[in-house]
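For reference, the structure discussed in these notes is given below.
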Amino acid sequence: MTLPERTIVAFSGTATWDKAFDSIKTGLKAVNDYLKKENISATGPAMTIYTSTDDSGFNFKVGVPVAQAPSTPPQVDLSVGPSPSGKALKYVHRGSYDSMDTTYEAITNQLDDKDIDAQDSFVEVYDTDPLTTPEDELLIEVFVPLK
């Protein structure tokens with residue numbers, strides 16, 4: 001499929017794997033608070049973009065798509081920019097965030113088995129709101145951008 005480019009207001013952060021979901025929710029809350037304060041509506045579901053990962057943790061952006069860049073620049077910990085776009089593989093995860101390891105293991109195994117040339121990033125799009133949905137009812141689309 002093709003990921004469309006969208007303008008997002010995003011929070012950038014670094015987290016350890018054991019604090020992954022809490023860190024994502026903290027960033028999403030900061031973005032949502034800014035959008036509410038500026039009276040800006042989201043134009044799509046929230047997303048997390050993993051910009052780098054290693055065994056101990058990861059760097060990420062959690063963002064919310066908006067119709068256009070806000071006229072008032074966001075605070076220091078927020079930014080405005082494009083979401084990842086282009087050709088990508090799509091996977092779907094249902095259930096708790098703690099069980100995402102199994103989903104990512106299956107994805108990386110498939111990429112290796114089929115010798116698929118992917119970028120070193122992942123994009124999670126939250127079809128259910130991670131701030132209000134019971135964790136075992138999460139529905140998350142995982143996109144793997146291709147080179």
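The values are calculated or read from the model by the stated rules, or taken from the named source; none is laboratory data. None of these values were measured; they are calculated from a predicted model. Cβ placement follows ideal geometry from the backbone for every residue including glycine, while neighbour counts extend to all protein chains displayed. Surface areas here come from the heavy atoms of the whole protein model, side chains and all, with no ligands, DNA or RNA. Shrake-Rupley method; radii C 1.70, N 1.55, O 1.52, S 1.80 Å.
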Degrees, to the nearest 10: 20-37 long Cα axis against longest axis of the chain:
30
Less than 12 Å Cβ to Cβ from Pro82, Lys/Arg counted +1 and Asp/Glu -1: what total charge do the surrounding residues give?
+1
Using each residue's phi in region 102-110, evaluate 6.51 cos²θ - 1.76 cosθ + 1.60 at θ = phi - 60° and report the 3J(HN,Hα) Karplus result to the nearest Hz, with x for Gly and Pro.
5, 5, 5, 5, 5, 5, 5, 4, 5
Could you tell me the convex hull volume per residue, in Å³, taken over the Cα atoms of the chain?
104
For the chain, what is the accessible area per residue in Å², given a 1.4 Å probe and the full set of protein chains?
56
Taking the Cα centre of the chain as origin, sum charge times position over the Cβ atoms of Lys and Arg (+1) and Asp and Glu (-1), and report the length of that vector in debye to the nearest 20.
740
Below 26 Å, Cα to Cα, which lysines can Lys25 reach? Residues fewer than 8 away in the same chain don't count.
Lys36, Lys37, Lys61, Lys90
Mind jotting down a quarter of the surface of the convex hull over the alpha carbons of region 62-104, in square nanometres, one decimal?
5.0
Whole-angstrom gap from region 110-134 to region 1-53, using each part's C-alpha centre
14
For the chain, which longest stretch is free of loop sites, where a loop site is one of the GluC sites (Glu not before Pro) that DSSP puts outside H, G, I, E and B and that has at most 15 other Cβ atoms within 10 Å?
39-147
Looking at the square roots a ≥ b ≥ c of the eigenvalues of the Cα gyration tensor of region 1-70, which shape do they give, rounded for a/c under 1.5, prolate if a/b is larger than b/c, or oblate?
oblate
For the chain, with a Gaussian network of springs between Cα atoms less than 10 Å apart, report the residue from Pro134, Pro70, Pro84 with the top mean-square fluctuation.
Pro134
Pairwise over distinct Cα atoms, reciprocal of the mean inverse distance: report the Kirkwood radius of region 51-138 in Å, one decimal place.
15.7
Using only the Cα atoms of region 35-90, construct the convex hull and provide its projected area averaged over every direction, in square nanometres to one decimal.
5.4
